[in-house]
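Notes for the one structure printed next.
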Amino acid sequence: MTETDSAVCFVCILLIPAAVAGIAAVNAGLGRARNAAQSMLSSMCFAAAAAIAYFVVGFVWQSYVGGPSRVLLIGGKPWDWIGAARPFFLGLDLSSGAVAPLFGMMSAALAAIIPIGGGGERWRLGVGCASAAFLGGVTFPLFAHWTWGGGFLARLGQNYGIGRGFIDAGGAASIHAVGGVTALAMAWILGARRGKYLPNGMPSAIPGHHATFVLGGCLLAWIGVLGLDCAGAILFDGASWRVGPLVVVNATLSAGAALLAVAWITRLRYRKVDASLSANGWVAGLAASSAGCASMAPAGAMIVGLVAGAIVVFGVEWLELHLHVDDPGGAVPVHLLAAVWGVLAAGPLARNAGPDQWLAQVAGVATSFGFVLPVAYGANWMLNRFLPQRVSAEGERHGMDLHELGAGAYPDFMSYQDE
């Protein structure tokens, strides 16, 4: 990587906190007013816990391409399965322009706030920080090593001739799917909110309190994901800074196509455009395009976005009606289902990847579900046995703001009412 590439990458990494702020605002706005302050504080605390855990031990497991790692020989082929760097970023000269650990730390923070969407309005702050630390220190860096740190998924092309190996430049799998899988695990463990399901099992609508937060958060997420995708393309896709315009065009087209797809579908089905679903469609388009942001043609990015928008509309309905998954922020369809679609679509749509690229993408998705889901669910289930993660019924009734923070987000003009 040239000095120019490193400088551009560093500037792009500085934009990633905008994505953190945007997703935090979306999660807060889609919840009720009595939980808004706790939701925003949870985002800050979860991001901090994940970033610190990544600094202490997470980078040890992730490492970097060409860095120390542990390799197993399976069938005569090297399987790089875990990094072996030093904790606390020891041995890294951050003043000399090392950007990989900074990118990893920011990515861990972003991945850690995604599960708030699935566990919103009932997830205790203190225990949630422990869960976020586990994600930033164990789950995320292990999977990121396999995809970004020169691990076995990245080397499927080199070892077995499967395309170029797993493609995930902007973190559709490493960030969005890891966060979305954890959100699904937390929604299962915490259970549905009070009043979400009627006695006959039908879900009831619990609308968010601040559409402006939600839509404004989308714009912040747009800025942050543009920086995330550009930096990831330079670091992990072997691209130079000149690929930036293609990355920006692809992310914007995918997000725009997804938003318009949701607006069109909801207009046809409900005779009104649903603002919250449309906003989630925008974020889903950003997540879906991240995998192939540097290797797809713009027309392919539009196709990815259109399908991602449809996934959001029908995914929310399917999860609520058939699986009884209460996901207030839509984290599962937005960050998991749409991201998985984007990862799979990057196979046939990627340029100069070969006809077998789809196999590498399927292998990455299978690894995500086969590793991240059981590990995230098992770790949080064990944590829940010792430190209950769900707030008490009284605390949920009063609101997380009053129960955990002692004050509401809108004390002057909002009142709290029971369902």
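Values in this text are rule-based calculations from the coordinates and carry no lab data. Because the structure is predicted, anything quoted here is derived from the model rather than measured. Cβ placement follows ideal geometry from the backbone for every residue including glycine, while neighbour counts extend to all protein chains displayed.
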Estimated FRET transfer efficiency when R0 is 41 angstrom, pair Q158-S95 (beta carbons, to 0.05): 0.80
Prolate/oblate/rounded call for the range 234-275, Cα gyration tensor, a/c under 1.5 rounded: prolate
Summed residue charge, Cβ within 11 Å of P333's Cβ, Lys/Arg positive, Asp/Glu negative: -3
Those residues of the range 242-280 whose amide nitrogen sits under 16 Å from the label point placed on F314, 7 Å along Cα→Cβ: 258, 261-270
Principal-axis tilt of helix 338-349 within the chain, Cα atoms, nearest 10 degrees: 30 degrees
Angle in degrees between helix 357-367 and the longest Cα principal axis of the chain, rounded to the nearest 10: 50 degrees
Global geometry of the range 328-419, whether rounded, prolate or oblate, following the gyration tensor of its Cα atoms and the 1.5 cut on a/c: oblate
Sites L73 and F371 - FRET efficiency at Förster radius 22 Å, r taken between beta-carbons, to 0.05: 0.60
Most fluctuating residue given options G58, G408, G224, as computed from a GNM of the chain linking Cα atoms under 10 Å: G408
Relative contact order for the range 98-203, counting Cα pairs under 8 Å that sit 6 or more residues apart, in percent: 34 percent
In nm, spacing of pseudo-spin labels at M44 and L321 (7 Å Cα→C-beta vector): 4.1 nm
The range 1-58 - Rg and Dmax from Cα coordinates, angstrom: 15.3, 50
Net charge of Cβ neighbours under 13 Å - reference T266; Lys, Arg +1; Asp, Glu -1: +2
Helix axis angle, 275-289 relative to the chain longest principal axis, alpha carbon, degrees: 10 degrees
GNM result for the chain, Cα springs below 10 Å: residue of G330, G171, G31 fluctuating most strongly: G31
Spatial separation of Cα centroids for the range 168-197 and the range 242-295, in angstrom: 19 Å
Length added when fully stretched, M1-A299, from 0.36 nm per residue minus Cα-Cα: 104.4 nm
Protection proxy ranking of 11-17, 182-188, 88-94 - average other beta-carbon atoms within 10 Å, highest first: 182-188, 11-17, 88-94
Disulfide-incompatible cysteines by the Cβ rule (no partner under 4.7 Å) in the chain: C9, C45, C129, C218, C293
Shape category assigned to the range 148-229 from the gyration tensor of Cα positions, a/c cut at 1.5: oblate
Charge tally in the Cβ shell below 12 Å around N280, where Lys, Arg are +1 and Asp, Glu are -1, N280 excluded: -2
Cα centroid separation, the range 15-82 to the range 313-335 (Å): 22 Å
Relative intensity, log₁₀ I(q)/I(0), of the range 117-190 from a Debye sum that treats every alpha carbon as a point, q = 0.16, 0.24 Å⁻¹: -0.64, -1.04
Relative packing of peptides 197-203, 124-130, 398-404 - highest average C-beta neighbours within 10 Å first: 398-404, 124-130, 197-203
Estimated FRET transfer efficiency (F88, L405; beta-carbon r; R0 22 Å; 0.05): 0.10
